[in-house]
Amino acid sequence: MTKIGVLRDIKARKGVAANEIARRAYLYVARNQTLPPQVRYQAQLQLNTFGRYTRPTTVKNRCTVSGRGRGIMSEFGLCRFQFRLQALQGQIPGVKKASW
Amino acid sequence: MLAAIKRHSAQPWPKLTQRWLSSPAQRPSQAALDPSGPPTTAAEPQWAAATVHGRSLYLPYQHPKTHNIPVAMIHFRSYFPHLLDQFTHFASHSASALAIPISRPVALPTQRSLWTVLKGPFAHKKKQENFERKVHKRAIKAWDADPEVIERWVKYLENHAMGGVGMRVIKWERTRVGVGKDRLEHVRGQTRLASATSSDKVKALSEKIVQQELTSNSVDA
């Protein structure tokens, strides 16, 4: 069974992708200094009605192999332990044990 | 799995200027294979006549620049320098065969990325391991050739590309004044009016929202 954090992250990514244009439009209206304050306030209230799986801040990189949420290296999409296991097997191109 | 290529012997990788043909029948004749190599200052026909077989054992003939106008630059990148040496050797010989004046393969600074990770999956901060990745780079610059010739050279290299070596080609072409304006007109005529970019969509949607809010405000008030 996959980790629940992985499932939540997938849901968040899909939600963010689907709602990005609407969120950006409301944000544009809410932050626009030239518009009347009532309109800006209404836009901000609308923004607050969006659920948590539409906010880009809920998206978090996770390890693609183990699903670990911490110690992720974005360049490989792996957590530090999986990176070490794969690097020692030679499965990451160009990466080798450093010695100097 | 693509493991790092290991040297099985303690000997370094053979230099491309050294002999590495094993049987006597394969080796070029004594007259052709002069240890000093073919004459470097002579013209290309003399150079070509000096070695008939085994020409790739030496550095290619350096065609002299005619106008000193840079035309192209190719960057090669790889994790393994011996692959780079092989491919730059191939690239410079093919350019020489097409009579393109080129520079020697210049070594650009190596990029080194270092990662220090904990050895275990949990705790044990004092036991860590270092991993590195080195990106070796070479550049060959070309002068004075026709853009078509450069295009052929690049296509030839792409057709015979080497695994593990990446190539980036930068070309400089000369053209008449006013070509930018013509290109812009051409592109403008070709844009599809139906599909808008995402920033336009955002603007349109926000306009609609503003209208909705204003009408609802006026209705309430």
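Each value in this text was obtained by applying a stated rule to the coordinates, not by laboratory testing. Since the model is a prediction, treat every value here as computed from it, not as a measurement. Cβ atoms come from the backbone with ideal geometry, glycine included; neighbour counts cover every protein chain shown.
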*Please report, in Å, the Rg and the Dmax of the range A:61-100, where both are computed over Cα atoms only.*
10.3, 33
*Proximal charge balance of B:Trp153 [Cβ under 14 Å; K/R count +1, D/E count -1]*: -1
*Which value, in debye to the nearest 20, gives the size of the charge dipole of chain A about its Cα centre, when Lys and Arg are +1 and Asp and Glu are -1 at the Cβ?*
300 debye
*Between the range B:130-194 and the range A:37-84, what is the C-alpha centre distance in whole Å?*
37 Å
_Sites A:Glu20 and B:Ala123, calculated FRET efficiency, Cβ-Cβ separation with R0 30 Å, nearest 0.05_ = 0.15
*Where only C-alpha atoms are counted, convex hull volume of the range B:120-206 per residue in Å³*: 326 Å³
_R0 of 41 Å, Cβ-Cβ distance B:His67-B:Gln190: FRET efficiency to nearest 0.05_ = 0.70
*Which pairs, out of A:Lys97/B:Lys171; A:Lys3/B:Lys125; A:Lys11/B:Lys134; A:Lys97/B:Lys137; A:Lys97/B:Lys141; B:Lys137/B:Lys171, put more than 27 Å between their alpha-carbon atoms?*
A:Lys97/B:Lys171; A:Lys11/B:Lys134; A:Lys97/B:Lys141
*Give me D for chain A in µm² s⁻¹, whole number, from Stokes-Einstein with Rh from the Kirkwood sum over alpha-carbon pairs, 20 °C and 1.002 mPa s.*
130 µm²/s
*How would you rank A:Thr49, B:Thr88, going from fewest to most other Cβ atoms within 10 Å of each one's own Cβ?*
A:Thr49, B:Thr88
*Where nothing but the Cβ of Lys and Arg (+1) and of Asp and Glu (-1) is charged, how large is the charge dipole of the range A:1-60 around its Cα centre, in debye to the nearest 20?*
240 debye
*Three principal axis lengths of the range A:1-60 [C-alpha, angstrom, descending]*: 51, 15, 15
*Taking the Cα-to-Cβ direction at A:Met73 and at B:Lys203 and moving 7 Å from each Cα, how far apart do the two end points lie in nm?*
4.4 nm
*Using 1/(1 + (r/R0)^6) with R0 = 41 angstrom and r between the beta carbons of A:Lys3 and B:Arg112, what's the FRET efficiency to the nearest 0.05?*
0.75
_Potential extension, B:Arg168-B:Gln46 segment - 0.36 nm per residue separation minus Cα distance_ = 40.6 nm
